[in-house]
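These notes concern the structure reproduced below.
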Amino acid sequence: MHEYEIREIVKSLEKAGLTPMGSQKEVRECLDQHFDGRIFVGWSYLDVLHQADCMDEEGNMKSDASLTEQDAREILDAVYGGYDCGIGISWDVLDCHIDEFKREREAA
């Protein structure tokens, strides 16, 4: 796992009061050891919005966006729920789920 992600996890834990203040270094070292030799690729609802062309270059929602943040989160949940380790998750997989979501919405 990337150092950036581990730092963000530690910050989130500390912000939620789940780690004592000042123990960031120890928690980070523990996470480093836990994730040593493993890789994780993370996808965010922001990736879905970018792929659906709902965000501009600066990461701001376009006024004519076809998806909301909630829509993107639902799509990401569907991607996770339909995960196939033989295929993985790629931009093409996101495209398929975005298209399916839009078709279902139009049919409703």
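The values are calculated or read from the model by the stated rules, or taken from the named source; none is laboratory data. If you're wondering where the values come from, they're calculated on a predicted model, not measured in any experiment. Quick reminder, even Gly has a Cβ in these numbers, built from the backbone with ideal geometry, and neighbours come from all protein chains shown.
Within the range 72-104, take every residue that is touching a residue at least 12 places away in the same chain (Cβ under 8 Å) and more than 24 Å from Phe40 (Cα to Cα) and give me the one that is surrounded by the fewest Cβ atoms within 10 Å (Cβ to Cβ).
Filtering the range 72-104 for residues touching a residue at least 12 places away in the same chain (Cβ under 8 Å) gives 72-76, 78-79, 82, 89, 91, 93-95, 97-98, 100-102.
Keeping just the survivors that are more than 24 Å from Phe40 (Cα to Cα) gives 100-102.
Details: Glu100: 13, Phe101: 19, Lys102: 15.
Per the criteria, the residue is Glu100.
Here Leu67, Leu31 are screened, and the one residue that is touching a helix residue (DSSP H, G or I) at 6+ places or on another chain (Cβ under 9 Å), of a type in the set (A, V, I, L, M, F, W, C), crowded, with 17+ Cβ neighbours inside 10 Å and outside any helix (DSSP H, G or I) is Leu67.
Quick check: anything in the range 86-96 among the aliphatic types (A, V, I, L, M), in contact with a Gly (Cβ under 9 Å, 6 or more places away or on another chain) and not in a loop (DSSP other than H, G, I, E, B)? First the steps, then the outcome.
Taking the range 86-96 first, the residues among the aliphatic types (A, V, I, L, M) are 87, 89, 93-94.
Imposing the further condition that a residue be in contact with a Gly (Cβ under 9 Å, 6 or more places away or on another chain) reduces the set to 93.
Applying the additional criterion that residues be not in a loop (DSSP other than H, G, I, E, B) yields 93.
Yes, the conditions are met somewhere in the range 86-96.
If you go through the range 15-24 and pick out every residue that is part of a helix (DSSP H, G or I) and modelled with pLDDT of 85 or more, you end up with 1.
Of the residues that make up the range 53-67, is at least one in contact (Cβ under 8 Å) with a residue 12 or more places away in the chain and within 13 Å of the chain's Cα centre (by Cα)? No, the range 53-67 contains no residue that is in contact (Cβ under 8 Å) with a residue 12 or more places away in the chain and within 13 Å of the chain's Cα centre (by Cα).
Pick from Gly86, Gly42, Gly81: which is modelled with pLDDT under 90 and not hydrophobic (A, V, I, L, M, F, W, C)?
Selected residue: Gly42, the only one of Gly86, Gly42, Gly81 that is modelled with pLDDT under 90 and not hydrophobic (A, V, I, L, M, F, W, C).
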